[in-house]
Every structure is written in C-alpha cells, then in structure tokens.
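A.B. asks: Please read through the structure below; I'll follow up with questions.
The values are calculated or read from the model by the stated rules, or taken from the named source; none is laboratory data. Remember, it's a predicted structure, so these values are computed and weren't measured experimentally. For neighbour counting, all protein chains shown are included, and Cβ atoms are generated from backbone atoms with ideal geometry for every residue, glycine included.
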Ligand SMILES: C[S@@+](CC[C@H](N)C(=O)[O-])C[C@H]1O[C@@H](n2cnc3c(N)ncnc32)[C@H](O)[C@@H]1O
C-alpha cells in the first residue's frame, strides 16, 4: 500500500519504506522506478488529488512521492531489531497502517511491536498509527485472514505503556456494508515518544 505516503511526502523529503517480503519490495521498487509491468496506482493517486482538492496534476503527485521515497527495506517483527542486520539513524516519524492488527499474536505482542517501533524513533519523534477496531478478519480472494481484536482503550494503553504520549486520537465509525472485513471502525492515533 502507498496511500499514506501521498500525504507524508508533503511533509517528509526522506522516506524509507519497510516491507516484509522480497516480493513487496520488488513490486514497490518497480513502481518507484517506473518500470514496465509496475502496478498501476493511478486510482489511488486520483482519489488523493480529489480529496485534497488541490489542482495538482496526477503525474506531479506521483513524481513527488517517487523522489521522497529513498529506500525500500526489509523488516521482520519476529526480530528484536526489525531491520536486522542493518541499523538506521533514528527517525522523526513512523507511520504504521493496518500492520499491527494483522501481525500481532495477542495484546501483549501488539504492545511489544510498538516497543520495536519506539526503538527506531528519535526521542520526541512521532508515530502515526492507523488500524481497525473490533475486527476479527478480512478476506483476500478466498483467503480469510485473522485480525487481532482490540479497542481504542487497548491501543491507547499500549502506546502509553511503551512510553508514548498521545497527541491526537480519532475514531471513524465504519459505514460501508461488506463482508470483506468485519471491522467496526478505523482508528487514527498520533503520539510522540517521551524525551
Ligand atoms: C494488512 S497488511 C498491511 C499493509 C501495510 N500497510 C503495507 O503497506 O505494507 C499486513 C502486512 O504485514 C506484513 N507482515 C506479515 N508478517 C510480518 C512480519 N513478521 N514482520 C513485518 N511485516 C509482516 C505482510 O507482508 C503484509 O504486507
């Protein structure tokens, strides 16, 4: 997914994207390098341009993102340092969208994963966490994928427990009727790592 990066590249000029599989890395690099056969993200770009109401051209928007994303790297939350064997200078901001919901085995694990993000951040650095509330599954084709069920209170407590201060939290109730996913709402939290 690249949706969150459209807004991010307006504010951050040096973005590193972390992906779990070689296939994900290959696909994103193919798009960044405008190579033949790259996935066509035009629909997402169009949606972003329409939502922002700016007169920016589709192509300009994509170019801006391509120049901001400087590296695509492998990560694995099974490891203590998720980018092992590499290290990076501490980040000013981490955006995590619909990731912890899928990879966390339970609520303790959700909290441990937040701790792993914290280690990659500057003191005072921000995390933007996006996830689904009270969901148990989503489907991809015929596959049903498990989601960790949690609520706003759990997400807040997990962040605070890992040394974050919550700056803003918004919950958007779900209006779409579909059995692709049983989420009740989407949560957006901005927090910063205590200095
Ligand atoms: C619902 S998707 C979230 C997509 C995410 N926002 C993105 O842009 O890649 C869940 C993602 O978790 C990744 N994943 C699964 N196990 C992982 C692990 N141990 N460490 C890191 N990511 C993992 C999968 O590759 C998948 O892309």
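A.B. asks: Could you please find all residues in the stretch 119-136 being over 16 Å from residue 104 (Cα atoms) and in contact with a strand residue (DSSP E or B) (Cβ under 7 Å, 6 or more places away or on another chain)?
C.D. replies: Step one: filter the stretch 119-136 for residues over 16 Å from residue 104 (Cα atoms), giving 119-128.
Once the filter is applied, which keeps residues that are over 16 Å from residue 104 (Cα atoms) and in contact with a strand residue (DSSP E or B) (Cβ under 7 Å, 6 or more places away or on another chain), the stretch 119-136 yields 120, 121, 122, 123, 124, 125, 126, 127, 128.
A.B. asks: Given the residues 145, 128, which is the only one that is assigned to a strand (DSSP E or B) and surrounded by 15 or more Cβ atoms within 10 Å (Cβ to Cβ)? Give the steps one after another, and end with the answer.
C.D. replies: Numbers: 145 fails: surrounded by 15 or more Cβ atoms within 10 Å (Cβ to Cβ).
The match here is 128.
A.B. asks: Another question, then. Of everything in the stretch 32-42, what is at pLDDT 95 or above and not in a loop (DSSP other than H, G, I, E, B)? Give them in sequence order.
C.D. replies: The one that is at pLDDT 95 or above and not in a loop (DSSP other than H, G, I, E, B): 32.
A.B. asks: Can you find a residue that is touching a residue at least 12 places away in the same chain (Cβ under 8 Å), farther than 30 Å from residue 49 by Cβ and over 14 Å from the mean Cα position of the chain (by Cα) anywhere in the stretch 91-103?
C.D. replies: No; the residues of the stretch 91-103 include none that is touching a residue at least 12 places away in the same chain (Cβ under 8 Å), farther than 30 Å from residue 49 by Cβ and over 14 Å from the mean Cα position of the chain (by Cα).
A.B. asks: Given 51, 45, which one is surrounded by fewer than 12 Cβ atoms within 10 Å (Cβ to Cβ), assigned by TED's automatic domain parsing to the domain that holds residue 5 and assigned to a helix (DSSP H, G or I)? Please lay out each step first, then the result.
C.D. replies: On the way: 45 fails: surrounded by fewer than 12 Cβ atoms within 10 Å (Cβ to Cβ).
One residue alone meets the criteria, 51.
A.B. asks: Condition first: more than 15 Å from the ligand (Cβ to nearest atom) and either assigned to a loop (DSSP other than H, G, I, E, B) or closer than 22 Å to residue 131 by Cβ (or both). Now tell me which residues in the stretch 60-92 satisfy that.
C.D. replies: Once the filter is applied, which keeps residues that are more than 15 Å from the ligand (Cβ to nearest atom) and either assigned to a loop (DSSP other than H, G, I, E, B) or closer than 22 Å to residue 131 by Cβ (or both), the stretch 60-92 yields 85, 87, 88, 89, 90, 91, 92.
Residue-by-condition table, conditions (1) in the same structural domain as residue 123 (by TED's automatic domain parsing); (2) in contact with a strand residue (DSSP E or B) (Cβ under 6 Å, 6 or more places away or on another chain); (3) farther than 19 Å from residue 109 by Cα:
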position: 158; (1), (2), (3): yes, no, no
position: 164; (1), (2), (3): yes, yes, no
position: 167; (1), (2), (3): yes, yes, yes
position: 177; (1), (2), (3): yes, no, yes
position: 180; (1), (2), (3): yes, yes, yes
position: 186; (1), (2), (3): yes, yes, yes
